[in-house]
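Engineer: Following this message is one structure expressed as structure tokens.
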Amino acid sequence: LLSSGNSIRQRFLNFYASRGHKLLPSASLVPEDPTVLLTIAGMLQFKPIFLGKVQREVPRATTAQRCIRTNDVENVGRTARHHTFFEMLGNFSFGDYFKKEAIKWAWELSTVELGLPAERLWISVFEDDDEAFNIWHNEVGVPAERIKRMGEEDNFWTSGVTGPCGPCSEIYYDFHPERGHSDADLGDDTRFIEFYNLVFMQFNKKDDGTLEPLKQKNIDTGMGLERVARILQNVPNNYETDLIYPIIKKAAELANVSYALANEQTKLKLKIIGDHMRAVVFLISDGVIPSNIGRGYVVRRLIRRVVRTGRLLGIKGDGQGNLEGEFTPIIAERVIELSSQIDLEVKDRRSRILEEVRREESRFVQTLERGEKLLEEMIAGALSVPRENGTLPCIAGKDAFLLYDTYGFPVEITIEVAEEQGITVDMDGFNVEMEKQRRQSQAAHNAVKLEVADTAELTESISDTEFLGYDMLSARAVVKS
Ligand code: ATP
Ligand code: MG
Ligand code: MG
Ligand code: MG
């Protein structure tokens with residue numbers, strides 16, 4: 001298949017290799033830089049070169065970098081284009097070529113090598129970057145009405161408050177050219193998808209905020225492989241490309257549903273499983289083990305979200321008739337089968353990966369079941385306490401909070417189950433505990449932020465998609481909608 005994910009990756013790398021770029025391997029998802037939580041872009045392994053701290057070994061490089069962006073976890077399946085795990089194809093110049101070559105090659109790659117129709121491509125440039133505008137317009141020939149000038153937030157890259165920085169320019173694909181030019185908005189994702197970002201590192205930002213031109217100008221780019229596959233394979237979203245769909249199909253099989261016939265809610269759940277299992281497999285392969293802190297916590301939340309989502313889909317046991325079995329290894333296996341072009345080493349680590357997901361799923365299911373037992377005991381305890389006439393037995397706020405915090409029970413479920421037996425829950429006490437916890441985690445979060453700089457919010461945003469518990473009455477997990 002000319003437009004398979006694997007062939008697109010290969011064509012990108014070959015294109016730049018034949019233009020003098022050294023083909024380098026993807027770096028690990030665990031960055032060498034200890035202050036960064038996870039690899040979020042292709043440039044990360046080159047950051048010391050860009051910052052001038054390390055001498056370049058080659059003037060040009062190209063990579064297919066595996067990336068994790070947990071800040072996009074809420075977008076998974078909700079937008080057609082965001083993943084927690086994706087591959088970023090990149091070409092880099094370390095003080096070698098600059099804006100003109102970067103733009104012309106990006107255009108040639110997109111329109112000639114990948115064959116995207118030129119009239120479907122739109123460009124964004126930084127508002128003040130006349131140089132980029134003119135190259136796109138005068139030299140490449142993109143009509144002015146398809147070049148948008150955008151502000152700092154979208155089109156200016158910085159590595160920190162001071163240091164190397166510069167404008168960027170993005171290429172968008174237009175799914176609906178019939179909608180015309182007049183009020184086209186590149187942020188409208190029913191119409192456009194951003195697929196290629198070119199960063200022109202040309203300034204040094206000084207302490208007083210002024211921009212001083214750099215002697216050594218760099219190019220850093222990123223093209224989302226799944227997004228390009230989606231465009232070329234002509235499917236409605238990244239999830240239905242050959243890079244992810246086989247995983248989704250496996251999950252659908254275990255849940256005994258058909259993706260094609262499923263409603264949007266079911267499709268969303270299948271997409272979450274397809275997305276998260278990729279992240280989980282590549283993270284474990286790179287040495288991240290489920291735990292309660294840092295990277296380990298990211299993997300743990302992702303696996304738990306897969307388990308919970310699988311239960312919501314009705315997957316029981318391993319989904320193949322063994323009620324004592326786990327289903328996550330079966331899906332992980334599918335990810336591993338598809339992995340060789342992304343990372344050759346994943347296959348060698350197969351048994352380790354399968355064992356880790358199996359163990360985490362089993363631990364999590366036990367936690368859920370222990371929580372149910374504990375609630376029964378609390379109810380029995382509340383019923384056995386002697387009380388004055390007219391007062392109802394009551395579950396202490398602390399206990400309800402323990403169920404919520406440690407066992408993942410939403411307090412509404414605790415209330416409902418207790419009520420059936422004529423028992424109340426001390427909600428004032430519960431709220432006191434909740435507030436205490438909120439203050440503590442805020443303090444912890446502030447402490448983490450200093451260490452992992454701009455990626456700290458990644459762990460936080462993942463804990464936002466919290467497991468809300470397990471509905472004992474209907475035996476379904478409950479999630480925040
Ligand atoms: P968006 O605006 O769509 O969130 P971005 O501007 O955050 O994308 P960049 O940081 O510019 O993305 O990353 C470079 C390229 O990597 C993007 O143009 C896109 O093709 C791809 N990409 C970024 N984030 C994701 C993601 N969460 N899932 C899949 N591909 C992504
Ligand atoms: Mg983004
Ligand atoms: Mg963007
Ligand atoms: Mg971008």
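Engineer: Please list the three semi-axes, largest first and in whole Å, of the ellipsoid equivalent to the chain, using sqrt of 5 times the eigenvalues of its alpha carbon gyration tensor.
Structural biologist: Largest first, the chain gives 46, 25, 21 Å.
Engineer: Specify which residue in the list N155, T63, F126 is farthest towards the positive end of the charge dipole of the chain, using unit charges on the beta carbon of Lys, Arg (+1) and Asp, Glu (-1), about the Cα centre.
Structural biologist: The listed residue farthest towards the positive side: T63.
Engineer: List the aspartates and glutamates whose Cα sits under 13 Å from the Cα of K347, skipping any in the same chain fewer than 8 residues away.
Structural biologist: Those aspartates and glutamates meeting the cut-off are D286, E333, E337.
Engineer: Amide H neighbours of G77 under 5 Å, at least 5 residues apart or on other chains, H built in the peptide plane: list them.
Structural biologist: H82
Engineer: Right, here's the next one. Run the count for the stretch 31-179, please: Lys pairs, Cα-Cα under 21 angstrom, 8 or more apart or on different chains.
Structural biologist: Going through the stretch 31-179 pair by pair, I get 4.
Engineer: Next question. Restricting to DSSP H runs of at least four residues, report the calculated mean residue ellipticity at 222 nm for the chain, -39500 (n - 2.57) per run over all residues, nearest 500 deg cm²/dmol.
Structural biologist: Result for the chain: -13000 deg cm²/dmol, rounded to the nearest 500.
Engineer: Rounded to the nearest 0.05, what FRET efficiency is calculated for L392 and Y297 with R0 set to 35 Å and r the Cβ-Cβ distance?
Structural biologist: The formula returns an efficiency of 0.35 here.
Engineer: At a threshold of 8 angstrom on Cα-Cα distance, excluding pairs fewer than six apart, so keeping six or more, what relative contact order does the stretch 5-236 reach in percent?
Structural biologist: 21 percent
Engineer: Is the shape of the stretch 5-236 rounded, prolate or oblate, going by the alpha carbon gyration tensor and its root eigenvalues a ≥ b ≥ c, with a/c under 1.5 for rounded and a/b larger than b/c for prolate?
Structural biologist: Rounded, since a/c falls under 1.5.
Engineer: Further, regarding this structure: Are there trypsin sites (Lys or Arg not before Pro) in the stretch 28-93 that DSSP puts in a loop and that have at most 10 other Cβ atoms within 10 Å, and which ones?
Structural biologist: Counting only loop positions with at most 10 other Cβ atoms within 10 Å, the trypsin sites (Lys or Arg not before Pro) in the stretch 28-93 are K53.
Engineer: Now a separate question. Write down the percent of antiparallel bridges among all DSSP beta bridges whose residues are both part of the chain, to the nearest 5.
Structural biologist: Percent antiparallel among DSSP bridges in the chain is about 85.
Engineer: Further question on the same structure: Fewest to most neighbouring Cβ within 10 Å: what's the order for T414, T62?
Structural biologist: Ordered from fewest to most neighbouring Cβ atoms within 10 Å, T414, T62 come out as T62, T414.
Engineer: Between H181 and E376, what is the label-point separation in nm under the 7 Å Cα-to-beta-carbon projection?
Structural biologist: Taking the two extended label points, one gets 7.1 nm.
Engineer: Put a dot 7 Å past each Cα toward the Cβ at Q421 and D405; how far apart are the dots in nm?
Structural biologist: So the two model labels end up 2.3 nm from each other.
Engineer: D348 to E264: extension gain in nm, 0.36 nm per residue of separation minus the Cα-Cα distance?
Structural biologist: Full extension of this stretch gives 26.6 nm more.
Engineer: Sort K436, K99, K47 so the one with the fewest other Cβ atoms within 10 Å of its own Cβ comes first.
Structural biologist: K436, K47, K99
Engineer: Near the amide H of S26, under 5 Å away, which other amide H atoms are found, from residues 5 or more places off or on another chain, if H is placed in the peptide plane?
Structural biologist: When sequence neighbours closer than 5 places are left aside, the close amide H contacts are A64.
Engineer: When H276, H21, H176 are ordered from fewest to most other Cβ atoms inside 10 Å of their Cβ, what list results?
Structural biologist: H176, H21, H276
Engineer: Which trypsin sites (Lys or Arg not before Pro) in the stretch 171-268 pass both tests, a DSSP loop state and at most 16 other beta-carbon atoms within 10 Å?
Structural biologist: Here the sparse-neighbourhood loop sites are K206.
Engineer: Would you please name the GluC sites (Glu not before Pro) within the stretch 117-224 that are DSSP coil residues with at most 16 other C-beta atoms within 10 Å of their C-beta?
Structural biologist: E127
Engineer: In nm, give the distance between the simple-model label positions of V112 and V432, each being 7 Å from the Cα along the Cα-to-Cβ direction.
Structural biologist: Reported label-point gap for V112 and V432 is 7.4 nm.
Engineer: Residue farthest toward the positive end of the dipole of the stretch 170-319, with Cβ of Lys/Arg at +1 and Asp/Glu at -1: which of S291, L198, L225?
Structural biologist: Working it through, the farthest residue towards the positive pole turns out to be S291.
Engineer: Ok, one more. If you place +1 on the Cβ of every Lys and Arg and -1 on the Cβ of every Asp and Glu, how big does the dipole about the Cα centre of the chain come out, in debye to the nearest 20?
Structural biologist: Magnitude of the dipole: close to 1400 debye.
Taken together, the values in this text are just the output of simple stated rules run on the coordinates, not laboratory data. Since we're looking at a predicted model, the values are computed, not measured. FYI the Cβ positions are ideal-geometry reconstructions off the backbone, even for glycines, and counts take in every protein chain you see.
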